[in-house]
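The values are calculated or read from the model by the stated rules, or taken from the named source; none is laboratory data. Since the model is a prediction, treat every value here as computed from it, not as a measurement. Cβ atoms come from the backbone with ideal geometry, glycine included; neighbour counts cover every protein chain shown.
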Amino acid sequence: MTDEKIISKIQALLTKAEDKGSTPEESEAFYAKAQALMTKYAIDQELLRQAGKVERDEIVTERVKVKSIYLVQLVHLFDNVARANDCTCFYSKWSGQNTEGTISVVGFKSDVEQVLLIATSLQLFALRECKRASSREGVKGSEGFYFRRSFIESFAFRIGTRLKEERATTVETVKTETGNDLLPALVDKRNAVKAYVDDNFNLGKGRAGGNRRHSYTGASSGRAAADRADIGHKRVGGSRGALNR
């Protein structure tokens with residue numbers, strides 16, 4: 001399929017996942033299929049490139065403006081999705097603003113397009129679920145803020161881990177079924193992106209971290225939400241046996 005058809009199919013899945021009428025379980029199934037499609041497409045493209053049938057697309061930078069009191073946590077969400085899909089991510093705050101900034105995602109064009117689609121959708125999902133969780137826990141005022149911030153932070157790192165695990169599983173499955181070991185090629189892609197960033201951006205000394213107050217229950221709820229957002233390959237193909245596990 002062409003890039004346009006892949007993007008269209010992923011967007012259709014994410015639209016269903018974002019639908020307020022969808023249950024959390026239904027949304028999770030749609031995210032699972034979207035990530036699986038992204039991974040499969042990346043592998044198919046690499047196989048075609050190795051066969052000399054297509055050329056690798058260009059490295060691009062796409063920027064997303066974000067305005068939120070949970071800016072840093074949402075940056076972490078984008079970053080973890082990007083890292084799981086052979087891209088890199090960094091952000092810059094707008095002058096004098098702690099809640100507004102620009103997220104830059106760098107990678108090969110088709111990877112970046114798909115990362116932005118799923119990261120933006122997961123952002124909406126995380127914000128919706130953290131609001132529901134804080135209401136369920138009965139936290140309000142400043143405690144509600146710390147709860148939601150910790151929820152999104154924990155969700156971001158856990159979902160990143162699970163996306164990477166799914167990526168590794170898919171690569172291993174392809175190796176077993178076809179004999180093609182694509183791991184070196186995917187590592188080569190990541191190294192190419194890193195070299196591009198080093199050559200074209202001055203990221204200075206990196207991001208400074210400070211002492212911030214966190215909520216243990218918020219973090220636990222965020223991790224649980226990421227676990228519920230099952231991106232495992234067992235979902236694909238119509239099997240729904242693991243939805244309520």
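Some values worked out for this structure:
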read-out: Some residue of the stretch 118-134 being touching a residue at least 24 places away in the same chain (Cβ under 8 Å), part of a strand (DSSP E or B) and not charged (D, E, K, R); value: no
read-out: Residue match in the stretch 60-73 (condition: over 16 Å from the mean Cα position of the chain (by Cα) and part of a helix (DSSP H, G or I)); value: no
read-out: Unique match (being modelled with pLDDT of 90 or more and aliphatic (A, V, I, L, M)) among ILE103, ILE159; value: ILE103
read-out: Hey, THR99 of a type in the set (S, T, N, Q) and touching a Lys or Arg at 6+ places or on another chain (Cβ under 8 Å) or not; value: yes
read-out: Any hit, the stretch 76-91, residues being surrounded by 14 or more Cβ atoms within 10 Å (Cβ to Cβ), farther than 20 Å from THR120 by Cα and not aliphatic (A, V, I, L, M); value: no
read-out: Among residues of the stretch 1-36, those that are without any contact (Cβ under 8 Å) to a residue 40 or more places away in the chain and within 15 Å of the chain's Cα centre (by Cα), counted; value: 2
read-out: Residue satisfying condition, being surrounded by 18 or more Cβ atoms within 10 Å (Cβ to Cβ), at pLDDT 85 or above and among the basic types (Lys, Arg), within set ARG148, ARG128; value: ARG148
read-out: Residue match in the stretch 160-170 (condition: within 20 Å of VAL66 (Cα to Cα), surrounded by fewer than 22 Cβ atoms within 10 Å (Cβ to Cβ), in contact with a strand residue (DSSP E or B) (Cβ under 6 Å, 6 or more places away or on another chain) and among the small types (Gly, Ala, Ser)); value: no
read-out: Residue that is farthest from ALA185 (Cα to Cα), among those in the stretch 1-35 that are at pLDDT below 80, hydrophobic (A, V, I, L, M, F, W, C) and part of a helix (DSSP H, G or I); value: ALA29
